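The structure appears right after this line, and notes come after that.
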Amino acid sequence: MTYPRLLAPFLIRSFVGALLLTVNALVQAANPVPVNDLKGLTDPNGLKRYTGSILLYRDDAAYDELKFPMGKVTSKDDQAVAARSQDHSGQRTTLQYLTPAGKSPLEVVRNYQQDLNAAGYKSSFECAGDACGSADWIRPGYFVSTLVPGAYWNNIGDNSPAACAGGTAVGEFRYALLDNAATGSTVAVMAWRPGDSSVYCDETEYKKRTSVVVVKVDTKAREQAMETLSASEMGKSLDASGKVAVYGILFDTNKADIKPESRPSLEQIGALLKQQSRLKLHVVGHTDNVGTLPANIDLSKRRAEAVVAALAGSSGIARDRLTANGVASLAPVASNGDEAGKAKNRRVELVLQ
């Protein structure tokens, strides 16, 4: 069939318009704003949500360590780095909510602050918009990535409600950090207007709301789950592979002071060196990838030097038998995408000279 020349453009536009309407309807049907909490998700005890909010994501860790920003965040080498931070370790809970339509990030954050103040928390830092730094995208390497677990991005995917509530070119970003001196707990609240996300999200409806991420760390001692390697086991590993990983030597976050519970492992290394009087070792410090590479190189070297000093002091090992080195995150044994992998990468290795 042949159409008149003037009629053809009209038919094409009509067809394209109908197609776009169909696609838009399918898109909205695929990922509308949820009306209830996602299946299986609940609030933790003692932490309230903003009234009417929907819980989209939750992640818990029995023990984690976080650097809570207390200054402007910049994006460097695909990592978010805060000008100043407050380090905390302990039991961690991460939550993501979506508020009812019409609620601003400022209103949400102020409500959280008011409620937490009543519970004994005091504000230690807050920022908004450009003052927060790289906060216009909810992606790795930007402000939010300083506090959500590394596996968050893989867990939510591209088209989940949690992903739809994030987005690029977000607006009105706000951040507040609060501490409870009595309990040692810390709570961070981040809130923003969702930006562009995915063609599979009902963006119009998501953009009417405010996204909220709440991160709480409660002071809790880390469970000591690693068995202490004996001197003979260390010797066998050195004979077989020329190195042995020691996980029983522990440090606080971003520090090189050896913790008291490291003593059994240090005693076994000392026993090995006494049994094999000709043995010379490189003591190599390893970190995960949290923080900048230069800082972690320095930290891992200082930790290795602390181990050498401890062995020389408590076991009487000659220092010329031990050489301290630090390689930061350059030799991982697992992915740094989650806390389990990071824990494996934080270690001291003994390597044959």
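Just so you know, all these numbers are worked out from the coordinates, no wet-lab data involved. Remember, it's a predicted structure, so these values are computed and weren't measured experimentally. Don't worry about glycine lacking a Cβ; one is built from the backbone with ideal geometry, like all the others, and counts go over all protein chains shown.
Tabulated data for the structure shown
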quantity: Förster-model FRET efficiency, 51 Å R0, Glu205 and Lys259, C-beta, rounded to 0.05; calculated: 0.55
quantity: With eigenvalues of the C-alpha gyration tensor scaled by 5 and rooted, segment 231-352, Å; calculated: 23, 15, 13
quantity: Three-way shape call for segment 32-218 based on the alpha-carbon gyration tensor, with the a/c threshold at 1.5; calculated: rounded
quantity: GluC sites (Glu not before Pro), loop per DSSP, at most 12 other Cβ atoms within 10 Å - longest free stretch of the chain; calculated: 1-222
quantity: Of Gly313, Gly337, Gly150, the one that fluctuates the most in a GNM where the chain has Cα springs shorter than 10 Å; calculated: Gly313
quantity: Using alpha-carbon coordinates, inclination of helix 231-241 to the longest axis of the chain, degrees; calculated: 70
quantity: Reported label for calculated log10 I(q)/I(0) by the Debye sum over Cα atoms at q = 0.07, 0.10 Å⁻¹ given (1) -0.29, -0.58; (2) -0.41, -0.71; (3) -0.51, -0.77; calculated: (2)
quantity: Principal-axis tilt of helix 263-275 within the chain, Cα atoms, nearest 10 degrees; calculated: 40
quantity: Spatial separation of Cα centroids for segment 176-222 and segment 255-304, in angstrom; calculated: 36
quantity: Degrees separating the helix 105-118 axis from the principal Cα axis of the chain, which is the longest one; calculated: 50
quantity: Most mobile listed residue (Ala343, Ala182, Ala256) in the chain, GNM with C-alpha springs under 10 Å; calculated: Ala182
quantity: Within a Gaussian network of the chain (alpha carbon springs, distance under 10 Å), most fluctuating of Ser123, Ser134, Ser230; calculated: Ser230
quantity: Highest-first arrangement of 314-327, 136-149, where packing means the average Cβ count within 10 Å; calculated: 136-149, 314-327
quantity: Counted charge near Gly129, where neighbours are those whose Cβ lies closer than 14 Å (Asp, Glu -1; Lys, Arg +1); calculated: -1
quantity: For segment 143-160, Karplus couplings with θ = phi - 60° (6.51, -1.76, 1.60), whole Hz, Gly/Pro x; calculated: 3, 4, 5, 6, 10, 8, x, x, 7, 3, 5, 6, 5, 8, x, 9, 10, 7
quantity: Full-extension gain in nm, Ala101 to Ser335, via 0.36 nm per residue minus C-alpha separation; calculated: 80.4 nm
quantity: Local electrostatic count at Ala318 - Lys and Arg +1, Asp and Glu -1, tallied over other residues with Cβ under 12 Å; calculated: +4
